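We did not get these values from a lab; they are worked out from the coordinates using the rules stated. Bear in mind the structure is a predicted one, so any value in this text is a computation, not a measurement. Cβ placement follows ideal geometry from the backbone for every residue including glycine, while neighbour counts extend to all protein chains displayed.
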Amino acid sequence: MHAVTDARVLSMADLGIRAAAIASAGPAVALHARNRSAGGAALAAVAARLGALARPPEALLFVSGRPDVAAAVGANGVQLSATDLAPADARRIAGGLIGRSVHSPDEARAAADEGADFVIAGNVYETGTHPGRAPLGPALIEGAARAGIPVIAVGGVTPGRAAELRDAGAWGVAAVSALWDAEDPAAAALAMLEPWLAA
């Protein structure tokens, strides 16, 4: 499960408390440092902070779009968009796990062919982080899973939808508001993971 940040989340006064609570779910969690508007130094500072909070329970740390920052802070991996480096090039810089964001089964297959270790596929449902973008539904996950690498579902994901996504072939889920805005982030993280933990 990827707990993905954005500029709004990173500005939260209690970010550290919330990050530690989410990370307490342990190795099945990845804190995901993402802020496309931040420069390298600012993103590295945030990623290092999240990494420190992730380490005690052995949660993972991913950095979005910047293999150099991922390498600098010792992240476990990097998440790439279609406009970022190719997975093979990112691996030479950062090592670790390399993910690619995709929006169709064809893009998932291309990511697998390019050497990505996993894909984050979405948006599955309507989501406030991409208003106006049509949801692609669980069928996207079913198609992307045929690429033969793990698929993480994103976009409007909530604990109540997690089981449907697992049944569609998702290896896991990613979320922003359902985790970071939850009244109890630790409970939200465990609820999001429950379909996989119970399997």
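Dipole size of the chain about its Cα centre, with +1 on Lys/Arg Cβ and -1 on Asp/Glu Cβ: approximately 380 debye, rounded to the nearest 20. Think of the chain as having a plus end and a minus end, set by charges on the Cβ of Lys, Arg, Asp and Glu; of GLY95, ALA45, ASN76, ALA45 sits farthest toward the positive end of this dipole.
When a/c reaches 1.5 or more, the comparison of a/b and b/c decides; with that in mind, is the stretch 85-199 rounded, prolate or oblate per its Cα gyration tensor? Provide the component values of the computation, followed by the final result.
Numbers: a/c = 1.63, a/b = 1.49, b/c = 1.10.
Prolate, since a/c reaches 1.5 and a/b exceeds b/c.
Mean silhouette area of the stretch 2-197, derived from the convex hull of its C-alpha atoms and averaged over all directions, reads 9.6 nm². Using a cutoff of 8 angstrom between alpha carbon atoms and counting only pairs six or more residues apart, the relative contact order for the stretch 2-197 works out to 17 percent.
Would you mind putting 182-195, 152-165 in packing order, based on average other-beta-carbon counts within 10 Å, highest first? Mind showing how you got there, number by number?
Values: 182-195: 18.3, 152-165: 21.5.
Packing order, densest peptide first, comes out as 152-165, 182-195.
Taking other residues whose beta carbon is less than 11 angstrom from the beta carbon of ALA170, and scoring Lys, Arg as +1 and Asp, Glu as -1, yields -1.
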